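Beneath this line is the structure, given in structure tokens, with notes to follow.
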Amino acid sequence: MILALGLTVLMVMMGCGGDAAEQETTPETEQTAETDAAEETTGAAEDAQTEDGADAALEEADASEAEAETGGSEENAQSYEDNFAVDSEAAAAFAGKIKEAVAAKDMEALADLTSYPVYVGLPDTEGIVETREDFLALGADQVLTQELMDSVAAASVDNFTPSMAGFVVAGENGRPNIIFGVVEGKLAITGINY
């Protein structure tokens, strides 16, 4: 125990009692450490600015891409809380796009207006179409039946009344129809019923 105490005292004395040369270099070492730390901080700040700039550029590119996918349309630029927040002009404009796509048998345009997964109530199917590619694979002949085309063509797009389910694009008898509503703040087709 005495030996351990003696070693501890010796180690403390050696640690505290450095020579004058060591003490003179200490401020210089501290100054170098401060300079290195300042350079690291500046470098990190520059890296962060570069990353922020890159992130901002990526966000702008994503926004431009999203706008290109939706055609930059005004009603898709608007973000809605729910179907009841959609004004009648925006609903009518979106329904007009659906009518145009159906009349032209343009599956690509219809696919662009659709949110996935989507219900497509074709006979002898499960009804849920998971992806855009799966939707396009169904083909215009199967999806755009003459009955659906006639019903959508006869649909009035004025004075839509919103509901929890969305807006219905259909002729007087109501079927077949295409339903659209707010999905993640944007208007999109959510179902096709036959």
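The values are calculated or read from the model by the stated rules, or taken from the named source; none is laboratory data. Everything quoted here is computed from the prediction, not taken from an experiment. A quick note on method: Cβ atoms are made from the backbone with ideal geometry, for glycine too, and the neighbour counts reach across all protein chains shown. Heavy atoms of the whole protein, side chains included, go into the accessibility calculation; ligands, DNA and RNA do not. Shrake-Rupley method; radii C 1.70, N 1.55, O 1.52, S 1.80 Å.
Being modelled with pLDDT under 95 and in contact with a Gly (Cβ under 7 Å, 6 or more places away or on another chain): is that true of VAL120 here? For VAL120, the condition - modelled with pLDDT under 95 and in contact with a Gly (Cβ under 7 Å, 6 or more places away or on another chain) - is not met.
Per-residue answers, yes or no, for (1) at pLDDT 95 or above; (2) open to solvent by less than 60 Å² (accessible area, probe 1.4 Å); (3) closer than 11 Å to ILE192 by Cβ:
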| position | (1), (2), (3) |
| --- | --- |
| MET107 | yes, yes, no |
| LEU148 | yes, yes, yes |
| ALA153 | yes, no, no |
| PHE180 | yes, yes, yes |
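Here GLU133 meets the list (1) under 17 Å from ALA95 (Cβ atoms); (2) under 26 Å from the mean Cα position of the chain (by Cα); (3) open to solvent by 10 Å² or more (accessible area, probe 1.4 Å) almost entirely, failing just condition (1).
In this structure, VAL86 does not satisfy being in contact with a Ser or Thr (Cβ under 7 Å, 6 or more places away or on another chain) and either aromatic (Phe, Trp, Tyr) or crowded, with 19+ Cβ neighbours inside 10 Å (or both). Among the residues here, ALA91 qualifies as open to solvent by less than 20 Å² (accessible area, probe 1.4 Å) and either under 20 Å from the mean Cα position of the chain (by Cα) or closer than 22 Å to SER156 by Cα (or both). Among the residues of segment 161-178, just one is open to solvent by 40 Å² or more (accessible area, probe 1.4 Å) and at pLDDT 95 or above, namely VAL168.
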